[in-house]
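One structure below.
Every number here is computed from the coordinates shown, using simple stated rules; none is lab data. Quick caveat, the model's predicted, so the values are computed rather than measured. Ideal geometry is used to build each Cβ from the backbone, glycine not excepted, and the neighbour counts take in all protein chains shown.
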Amino acid sequence: MRRLGRGPAGRHRPLRLWLGLAELGGSRLPRGAAGGSLVKSPGRSGDSGRGRARLSGLGGVGKRVGASATRAGRKRASGPGRPARAPRHVRRLQREVAASERKERRGRAWEAAGRWGAAGGWPARASSADARPARERWGFRGAARQAAGAAMGRRWGFLIGFLVAVGLLGLGHGEQQPSETAAQRCFCQVSGYLDDCTCDVETIDKFNNYRLFPRLQKLLESDYFRYYKVNLKRPCPFWNDINQCGRRDCAVKPCHSDEVPDGIKSASYKYSEEANNLIEECEQAERLGAVDESLSEETQKAVLQWTKHDDSSDNFCEVDDIQSPDAEYVDLLLNPERYTGYKGPDAWKIWNVIYEENCFKPQTIKRPLNPLASGQENTFYSWLEGLCVEKRAFYRLISGLHASINVHLSARYLLQDTWLEKKWGHNITEFQQRFDGILTEGEGPRRLKNLYFLYLIELRALSKVVPFFERPDFQLFTGNKDQDAENKMLLLEILHEIKSFPLHFDENSFFAGNKKEANKLKEDFRLHFRNISRIMDCVGCLKCRLWGKLQTQGLGTALKILFSEKLIANMPESGPSYEFHLTRQEIVSLFNAFGRISTSVKELENFRNLLQNIH
């Protein structure tokens, strides 16, 4: 049936036509025919305001019809005497429409209650009326409308249920196969306990990043530790075809003589100023071939012991001759370790020689990511696990050193180079290429774990050498007494903090068992590492060579300390130590090398945060 509205022949043609038929024959208005109902609100006689008609469900048409009916009522009520009532057939029509509307409302309400009752909600109403067919309860058209509404509800329920099921299936699938972040791929194995250790990664992170790192950086910025004397002009002892890096970032800027404190430039700086002066006189007399008979027997013996130490075979590194004219002081703060662009076949050749010829490995076993390996990763690690703990530790130390250097290069990368400024910062792409588990076929996370192993070795060495630095005769001598005293106090605070670390590496498992075999293994260990220190003179990038020589010497000093426990225990409480002592070069390289490892551990936390939301 056509809905009520504007017709082409008049303003409200269908409605007017029906009203005319109703007046002539008293026809009923079917409830569903016009989509609404016409209801007159009851009112008192003479109250034309309450006698207006109300049309529900017809929108603007209903408002206009209601207004017309109101005006008609006002005309009838305007005459003299009692106001006229509406015609009988109109009143009957109003009552029928109102009754039909009440039935429909009740039907919808009880149908909703029945659905709730079936679902375990409200109890369904039990009455005789419920047993009647819908047509009898609501009328023919009300029942049709109710059935259509129920069908529409079922269709919407099915659609909503289908969408919810799809969402749940997608959620379940996502839980089974979550998308890994870049941080998870790089650090998937860098957690929990380390191999051959009783310490876990999380304990190291917390100890280093929050208790040790800030104070250690302050110490390394002092004059005693920032100036390092090195010979960068020594020839490579293994091959002659060295391609020197011509990039400006590879260059090293040495110090002028007036920039280095006088106390550091003095010939001897092992102990207090008085002891240093005495040693300097002895060394000068020895160079002249003279014998100072005024020196006591004890002092002469000390001079012989120090001379013997200079040629000692206990050193794990081949140190530079600092008396050479080619040796120069370098300010480490002005020549930081960072990305220089030195890469390619020359850089790969250095690390390949270190791994292939100095890690107790046969030529038939190729390390992972070696172009000649051809898928021998499983063979390599099976071979590695079959080694003794000393040789296995040697490989892990070299791998950890390699990983630490790569972390520094990724953390201080040249991001922008313009004529105005250079911008250095974290390059997450470079870090991923070096340590992502997928890009490196699982090798990157293993290297990061070896970095923590290296950290524990050097941390243990510092904890064992505390008695050497606690002696009152030892000073960090630069010529500035106040600064020297403050630096020594800060140094001892750091060493005591290190000593309090609860999960130190236990080196007693090294070189145990048969004494003869242990001594031979220790000598092989020392010679292999000494050879690696010589390879550093073959690095074509001068800045890379500087930091490579410093860090290998620092690690060699740490190994020397670990294997000199009895000598350290027998040191006198005051005066020079005959059996064990460290030169300034060894002290500076030891703490700066550990500072590099500590910085790497701190940078790993920064890279974790940067890669957390990258997929």
| remark: Given a Förster distance of 25 Å, the FRET efficiency implied by the Cβ-Cβ spacing of Ser257 and Asp482, rounded to the nearest 0.05, works out to 0.55
| remark: For the range 337-442 (alpha-carbon point model, no solvent) the Debye-based log₁₀ I(q)/I(0) at q = 0.13, 0.21, 0.24 Å⁻¹ works out to -0.58, -1.23, -1.44
| remark: In whole angstrom, the spacing between the Cα centers of the range 560-615 and the range 180-220 equals 16 Å
| Count of lysine pairs in the range 463-615 with Cα separation under 15 Å (8 or more residues apart, or interchain) | 4
| said: Need the C-alpha centroid separation for the range 315-342 versus the range 524-546, integer Å. | reply: 12 Å
| query | the range 502-523 to the range 480-498: how many Å between their Cα centroids? | reply | 32 Å
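Ranked highest first by the average count of other Cβ atoms within 10 Å around their residues, in what order do 440-451, 317-328 fall?
Put in order of decreasing packing, that is 440-451, 317-328.
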